[in-house]
Amino acid sequence: MKIIARDIPPRAVWALEQAGVHPLLARLYAARGIRAQDELDDALARLLPPAGLKGAQEAAALLADAIAADKRLVIVADYDCDGATACAVGVRGLKLLGARQVDYLVPDRVVDGYGLTAPIARRVFDKGADVLITVDNGIASVEGVAQAKALGLSVLVTDHHLPGPLLPAADAIVNPNQPGCAFESKSMAGVGVMFYVLLALRAELRARGLFDQASQPRLEPLLPLVALGTVADVVRLDGNNRRLVAQGLKRIRAGQMQPGIQALFDAAGRKAAAATTFDFGFALGPRINAAGRLADMTLGIECLLTDDATHAAELARQLDAINRERRELEGGMREQAMQLAEGLFDADEEPPPAISVFDPDFHEGVVGIVASRIKDRLHRPSFVFAASSAPGREHELKGSGRSIAGFHLRDALDLVAKRHPGVILKFGGHAMAAGCTVAEEHFETFERAFAQVAREWLDAATLTRRLETDGPLAPEYCRAELVDRLQLEVWGQGFAPPTFSEQVQVLSQRLVGEAKNHLQIKLLHQGQPVDAIWFGHTDPLPEHPLLAFRLDVNEWRGERRVQFLVEGVEA
């Protein structure tokens, strides 16, 4: 591993400090591209206007007409947290704005696959729908939209994924990444796009005289859902996304949230009054995602839709139980997959440039998580495959891949498909995550071909793990109340949580935890004793390592002390 300190522009730090920003925060913000205090303003008034989002006006007119004619609206959701929150925002928001007949349908990961397919369009029609609305999917659903149109449905596609060469023939498409869209924030999650459609719809209804600025329905109560889905989908937290997340967090901390979100905080043992982006990404998001991986995402959506606190608590308990099952399943699979991956090279060798593993006992619902774990451990593009459980497709393998910086996973699959026609039955995705289906008999061909592309595209520098940090931490900032303040900020993808690095002295170290798989360390940091822990790491540290670490607060018998969470050590 190579530890790299971020550039910190001194002029930007000075400008932020002069504007009253805390010196440590000024340094962290400047290193993440913030140049002036007004960029930190998270007021709703600073959100980009919906009028700049291509297709939003057409979508608003379509929905306003449908509401006026009392038409039946059916949302086709996706089976992850972004899709679930987008569906809940859509159902709740449309009802707030006057729609009386709003329903939803969520595909089954195993049976239906991803997106709006032709059979799903038929099921929407059979539900008596007049208007079909996709959330977090649809931009690639050319056949599904064509089927819906052939059945006489109006179709609105709301999505944020990259489009293919052909756009679906929908009545309206709202996607910041579609051709010709000049909207500044290209990183909105599916839930953010749906929220923006509702903002445009409210403006359209206002223009039609249904209400004025003072009497219009409030959409701000939906922001906790928007914030959760945005962080859980790991989209880049640009300025607009940070504002959406910050506004959602403020409402949650004030106790203003849907009963399902409160119930998920309770089930996870987290405090909503001190909610952080970490809670979204590692506590609430995984519990909703588990339903889509192992059960039915309807559970997650219903939890976010119900206004009955007792029912929400019961659904959150079910989601928590499914997530525990997911963790156990993932743990066994991860161990087996890691053994298979490490069996591809000798202990004294470097791993191959790309990893592909398959076992007949793997579960297709968690292959993506396990691929991510292998990628994190070995720093190689990694694919994990499981046998398909879809009827009639028992000899197909469904794979999910995760990549490293500098290796575009979807483009790699495209090259494999061109070089070896017939090996990949279908594929899709983007730079850092992708999926594909191969016939079981072609797995070894895929494994060799994928590794060959990685061999051609990756060099030694790219294959060396690089960890960006914020450099040394001044000892006066090693205080519990300052750590609390840092944790309340909006951190995430593209706006990384603070990580510091410097050489320390190790005083003692020992393995802890039930499985003895965590390293507990006592060290000297700039002459001050500090406790540290490295989760999931068992190799001892040298006496004077260059350490990368995040800050946490450990509470023990009423005393709150700063501890370091080790992220890595430079070899």
The listed residue being on the phi > 0 side of the Ramachandran plot and touching a Leu at 6+ places or on another chain (Cβ under 9 Å), out of G429, G422, G401
G429
Read through the list (1) modelled with pLDDT of 95 or more; (2) in contact with an Asp or Glu (Cβ under 6 Å, 6 or more places away or on another chain), then give the number of the only condition that L415 fails.
(2)
Counting only residues in the range 231-252 that are within 23 Å of D320 (Cβ to Cβ) and in contact (Cβ under 8 Å) with a residue 60 or more places away in the chain, the one surrounded by the fewest Cβ atoms within 10 Å (Cβ to Cβ) is identified as V234
Which members of the range 42-93 meet the condition of being touching a Gly at 6+ places or on another chain (Cβ under 6 Å) and assigned to a strand (DSSP E or B)?
I75
Failed item in (1) within 26 Å of E468 (Cα to Cα); (2) exposed (fewer than 15 other Cβ atoms within 10 Å of the Cβ), with K375 passing the rest:
(2)
With P391, P381 as the choices, which residue is surrounded by 19 or more Cβ atoms within 10 Å (Cβ to Cβ) and either modelled with pLDDT under 90 or in contact with a helix residue (DSSP H, G or I) (Cβ under 7 Å, 6 or more places away or on another chain) (or both)?
P381
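Please find, among A316, A371, A347, A312, the residue that is at pLDDT 95 or above and farther than 23 Å from V226 by Cα. Please lay out each step first, then the result.
Values: A316 fails: farther than 23 Å from V226 by Cα; A347 fails: at pLDDT 95 or above; A312 fails: farther than 23 Å from V226 by Cα.
Going through A316, A371, A347, A312 in turn, just one is at pLDDT 95 or above and farther than 23 Å from V226 by Cα: A371.
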Out of all the residues in the range 187-212, which are free of Cβ contacts under 8 Å to residues at least 60 places away in the same chain and more than 15 Å from P50 (Cβ to Cβ)?
G209, F211, D212
Residue among L482, L511, L524, L507 that is of a type in the set (A, V, I, L, M), assigned to a helix (DSSP H, G or I), surrounded by fewer than 18 Cβ atoms within 10 Å (Cβ to Cβ) and on the phi < 0 side of the Ramachandran plot
L482
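Have a look at E502, E440, E489, E476 and point out the one that is charged (D, E, K, R), farther than 21 Å from R377 by Cα and loosely packed, with under 13 Cβ neighbours inside 10 Å. So that I can check it myself, show each step before the final result.
Details: E502 fails: loosely packed, with under 13 Cβ neighbours inside 10 Å; E440 fails: loosely packed, with under 13 Cβ neighbours inside 10 Å; E489 fails: loosely packed, with under 13 Cβ neighbours inside 10 Å.
So the residue among E502, E440, E489, E476 that is charged (D, E, K, R), farther than 21 Å from R377 by Cα and loosely packed, with under 13 Cβ neighbours inside 10 Å is E476.
Among the residues of the range 429-465, count how many are of a type in the set (K, R), modelled with pLDDT under 95 and assigned to a helix (DSSP H, G or I). Give the steps one after another, and end with the answer.
Taking the range 429-465 as the starting set, the residues that turn out to be of a type in the set (K, R) are 448, 455, 465.
Still in the list and also modelled with pLDDT under 95: 465.
Applying the additional criterion that residues be assigned to a helix (DSSP H, G or I) yields none.
Looking only at that region, the number is 0.
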Tally the residues that are of a type in the set (D, E, K, R), surrounded by fewer than 20 Cβ atoms within 10 Å (Cβ to Cβ) and either assigned to a helix (DSSP H, G or I) or touching a Leu at 6+ places or on another chain (Cβ under 8 Å) (or both), restricting the search to the range 352-372.
1
Kindly indicate the residue of the range 123-140 that is part of a loop (DSSP other than H, G, I, E, B) and out of contact with any Cys (no Cβ under 9 Å at 6 or more places or on another chain) and also modelled with the lowest pLDDT among those meeting that condition.
A140
Please specify each residue of the range 124-152 satisfying the condition of being more than 24 Å from L198 (Cα to Cα), within 31 Å of the chain's Cα centre (by Cα) and of a type in the set (D, E).
E143
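The values are calculated or read from the model by the stated rules, or taken from the named source; none is laboratory data. All values reported here derive from a predicted model rather than from experimental measurement. Glycine also receives a Cβ, built like all others from the backbone with ideal geometry; neighbour counts cover every protein chain displayed.
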